[in-house]
């Protein structure tokens, strides 16, 4: 009898924790490590854009879908501001997630060059809402592209420029 090991595609990405209260920092490490299957110890630095919070970055490798799992592990902590990307891999598009206390979680599918790919049905729904006078098409397109999240996170991104990025590889 022959058995076949299941084959999972590997990918990589970057987690940006833009702001986390100090009490949550070890919990973030534990949650991310639980998803990636390795201990995580981040280099936390003060976040100048919000007193009393810290920021960290982590480059990671893992299974396709790991970014979504990290989001699921972190989203219940409403005080966090974070983004995570996942590069496209064999048979899978990439992903970009952003999360803020005010807006919740944004998700976009990304292509080979990091461009956001908007599904046809979401674009049709935005056009319909605008045609019915419920909204303006540019407002809906901005939402589809994650502009409200980008606008809220921009200050936190710039405050972290020059911070070190660490690579973490999943143990399979």
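The values are calculated or read from the model by the stated rules, or taken from the named source; none is laboratory data. Not measured: the values here are computed from a predicted model. Methodologically, a virtual Cβ is constructed for each residue, glycine included, from the backbone with ideal geometry; neighbour enumeration extends over all protein chains shown.
Things to note:
- As a summary of the residue check, residue 93 satisfies the conditions (1) touching a helix residue (DSSP H, G or I) at 6+ places or on another chain (Cβ under 6 Å); (2) at pLDDT below 95 except for the one numbered (1).
- Residues of the range 63-93 that turn out to be within 13 Å of residue 10 (Cβ to Cβ), part of a strand (DSSP E or B) and under 14 Å from the mean Cα position of the chain (by Cα), as a count: 1
- If you filter the range 1-24 down to residues that are more than 17 Å from the chain's Cα centre (by Cα) and modelled with pLDDT of 95 or more, you find that the one that is farthest from residue 56 (Cα to Cα) is 23.
- Within the range 117-142, the set of residues being surrounded by 15 or more Cβ atoms within 10 Å (Cβ to Cβ) and in contact (Cβ under 8 Å) with a residue 12 or more places away in the chain comprises 126, 140, 141.
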